[in-house]
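Where a number appears in this text, it was derived from the coordinates with a stated rule and is not lab data. From a predicted model like this one, the values you see are computed outputs, not experimental measurements. For neighbour counting, all protein chains shown are included, and Cβ atoms are generated from backbone atoms with ideal geometry for every residue, glycine included.
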Number of protein chains: 2
Amino acid sequence: MRIAVDAMGGDHAPEEIVSGCRRFAAESGTELLLVGASQALAPLVPEGAGDGRLRIYEAPDTVGMDESPAKALRRPRASVAVAVGLVRDGEAEAVVSAGNSGAFMAWAWKGLGTVPGLDRPAIAILVPTLEGPRILLDAGANADCRPANLVEWGLLGSVYAEAVLDLRNPRVGLLNIGSEEGKGNELVRSALAGLRELGDAIHFVGNVEGADVFAGRVDVTLCDGFTGNVVLKVAEGVSELIIGEVKREMRRRPVAMVGGLLAGGALRAMRRRFDKAEYGGAMLVGVNGVCIVGHGHSDARAICNAIAVGERAVKARLLSRISESLAQPAAVRA
Amino acid sequence: MRIAVDAMGGDHAPEEIVSGCRRFAAESGTELLLVGASQALAPLVPEGAGDGRLRIYEAPDTVGMDESPAKALRRPRASVAVAVGLVRDGEAEAVVSAGNSGAFMAWAWKGLGTVPGLDRPAIAILVPTLEGPRILLDAGANADCRPANLVEWGLLGSVYAEAVLDLRNPRVGLLNIGSEEGKGNELVRSALAGLRELGDAIHFVGNVEGADVFAGRVDVTLCDGFTGNVVLKVAEGVSELIIGEVKREMRRRPVAMVGGLLAGGALRAMRRRFDKAEYGGAMLVGVNGVCIVGHGHSDARAICNAIAVGERAVKARLLSRISESLAQPAAVRA
């Protein structure tokens, strides 16, 4: 297997990206193509690094973190564009980028197209829950969407949970503001009906609420990309608030301080839960290729985990399973 | 001052509601009208309770927690309807209900109307932040809304923060999925422009993200009611997740357990932050009367705090300040 990595993408590129690749190569037989300016990359990849499984692939240009997707699409020699091209041309089976995610999505969509029968790809992300990591999509690719998109993402999410999390018959829920029929805005009310029409194609459990997502009461949560992004950032903000609060309380009360030191492991564990680096990034599902969207702040560990998620998706035949799922009569009906 | 309380509304009505009223009466000179079935209430309110500041006001009917607003509107003798009527008739200056919130809103809107110039009322709620309680609206009254609603809620939220939280020139932010111009769905992109047009009428700081809300980087967060409800429930879910995680870790490691016991105060403080009872309920702003929406689970303490918020809003002349704000030329332009 071969995976293309955008070595120039991310706040800490190329050093941390290359370092993540080397870490991954130490554990896996998969070959990595490090895409970027060879001048910058060569010093970071000594001869024979990763037992010969690390190769530099020249791409002279780079997309900046703040460039618009439209502008990025005019840079065919940028590392992200070249990395996506390697998947399109069958030179690699997955691509990982922690760079400008709008640019990555634009190139992935343009370069790879969507899985037949799909209207819009979505970003699927792993969220921490009391039951372990679960899936939420769309995490931000589509700020606006139609009810039919939520229905097709139900199929994508279900396949993703089976393939990458090894869950059997995963429970899919629609994020809403109440569990009852008729709750919610126009978008979700109409999507609820469409998801019901999928019948046995997925294990759809109906509406779920914000708290259910993190309790792990469903395996896949469906929402538009605006709501999904808000959910993730609120979760981050609340965990920061709680950690800040505990620290403040400890400064105030010496007994709590001692306790805090002893309970440190528990607090660190809880912080780890919300550490994106643990989760190996998000996946752009629905495009015709395995695309892992790393967080901009990715360090070596995060990159290594992101590549591992890509490898798992390829091994689990994620793409063909998605195609099969969308080709089912029930899906077409939706 | 006189405040009407729906004594039959809430999961623990009427016992906890009456008990909350008695608690409040012990601290304030405000008179309370306990609206409900006198047969049920009389045994809970002994002669001379609250130094004569507690009075039972007969309402023979009750709206169930699961009844639809449409059905509730066909019960003019229900406690919530009668309580709202007391405000409409000038018999009370505020109304508190922890009952069916849809029914309360329907009666409040129908019975009191909106402040002149306003299209739709919203629920304003206090959220915990690193800087203390701040405001979010709409917290769930409008699952769908138009850009102009977010603009008018900017004015309401600003006045509310000044009047009830005593903040000067409160910072108002629009909840979005990025801080840059052009980010977000159609609704917020269009609302951003409208809020800018308010000029000096409020201190609008532009887009904010989910994490900013809980960091207290703004005093008022604006969003549609669907998103607002999701934000609150995610915050609840994440705090439950973190508390659960810390407990689990403690069971696993004895040292952490000892630490946890010592740090208990800090953990309790953090839980208190998310305790709705501390915050005294939400307010339905924009209707022509002070309406406090208590949580269905409200106990005596929560009811007492909710009444106190209503009292504060009346003392601060919230309603006339909202009217003045909406009457400004800039507001009309929006």
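Candidates B:112, B:60, B:161 compared by Cα position along the dipole of chain B: farthest toward the positive end lies B:161, with charges placed on Cβ.
In chain B, excluding the sites themselves, the longest stretch lacking any of the trypsin sites (Lys or Arg not before Pro) that are in a DSSP loop with at most 13 other Cβ atoms within 10 Å is B:169-316.
Here the extension length gained between residue B:40 and residue B:320 equals 97.2 nm, from 0.36 nm per residue of separation less the Cα-Cα distance.
Here's how it looks for residue A:113: its modeled amide H is under 5 Å from those of A:288, which are all 5 or more places away or on a different chain.
Of the DSSP H helices in chain B, those with a Cα length along their own long axis of 20 Å or more and a mean Kyte-Doolittle hydropathy reaching 0.0 comprise B:147-165, B:225-252, B:300-315.
When chain B is treated as a GNM, springs tying every alpha-carbon pair under 10 Å, which of B:148, B:98, B:122 comes out with the largest mean-square fluctuation? Checking each option, the largest mean-square fluctuation is seen for B:148. Charging the Cβ of each Asp and Glu at -1 and of each Lys and Arg at +1, and nothing else, the dipole of chain B about its Cα centre rounds to 520 debye. Between this copy and the others, label points of residue A:186 are 0.8 nm apart in ascending order, each placed 7 angstrom from Cα in the Cβ direction. Spacing of the modelled spin labels on residue B:168 and residue A:248, each 7 Å from Cα toward Cβ, amounts to 2.2 nm. Note that chain B shows a convex hull volume over its alpha carbon atoms of 143 Å³ per residue. Result for chain B in a Gaussian network model with C-alpha springs under 10 Å: among B:105, B:65, B:283, the largest mean-square fluctuation is at B:65.
Evaluated with a Cβ-only charge set (Lys, Arg +1; Asp, Glu -1), the range A:55-123 carries a dipole of roughly 160 debye about its Cα centre, given to the nearest 20. Translational diffusion of the protein assembly as shown, estimated by Stokes-Einstein from the Kirkwood radius over alpha carbon pairs at 4 °C in a medium of 1.567 mPa s, is 49 µm² per second.
Here the dipole of the protein assembly as shown is about 880 debye; that uses its Cα centre as origin and unit charges on the Cβ of Lys and Arg (positive) and Asp and Glu (negative). Projecting the Cα atoms of A:42, A:235, A:294 onto the charge dipole of chain A (Cβ charges, centred on the Cα centre) puts A:235 farthest toward the positive pole. In this structure the amide hydrogen of residue B:208, modeled in the peptide plane, comes within under 5 Å of the amide hydrogens of B:174, B:175, B:176, none closer than 5 places in sequence on its chain.
Is the range A:104-201 rounded, prolate or oblate when judged by the Cα gyration tensor, a ≥ b ≥ c being the square roots of its eigenvalues, rounded requiring a/c under 1.5 and prolate requiring a/b larger than b/c? Cα axes put the range A:104-201 in the oblate bin.
Largest mean-square fluctuation among A:15, A:162, A:240, in a Gaussian network model of chain A whose springs join Cα atoms under 10 Å apart, belongs to A:240. For the range A:152-215, taking Cα atoms only, Rg and Dmax work out to 11.8, 33 Å respectively. Computed over the alpha-carbon atoms, the range A:60-124 gives an Rg to Rh ratio of 0.95, Rh here being the Kirkwood radius from the mean inverse distance.
Here the Debye sum runs over all C-alpha atoms of the range B:24-79 as equal scatterers in vacuum, and log10 of I(q)/I(0) at q = 0.19, 0.21, 0.23, 0.26 Å⁻¹ comes out as -0.72, -0.80, -0.86, -0.96. For the pair residue B:65 and residue B:27, label points projected 7 Å from Cα toward Cβ lie 2.5 nm apart. Helical runs assigned H by DSSP (4 residues or longer) give chain B a calculated mean residue ellipticity at 222 nm of -14000 deg cm²/dmol, each run adding -39500 (n - 2.57) before division by the residue total.
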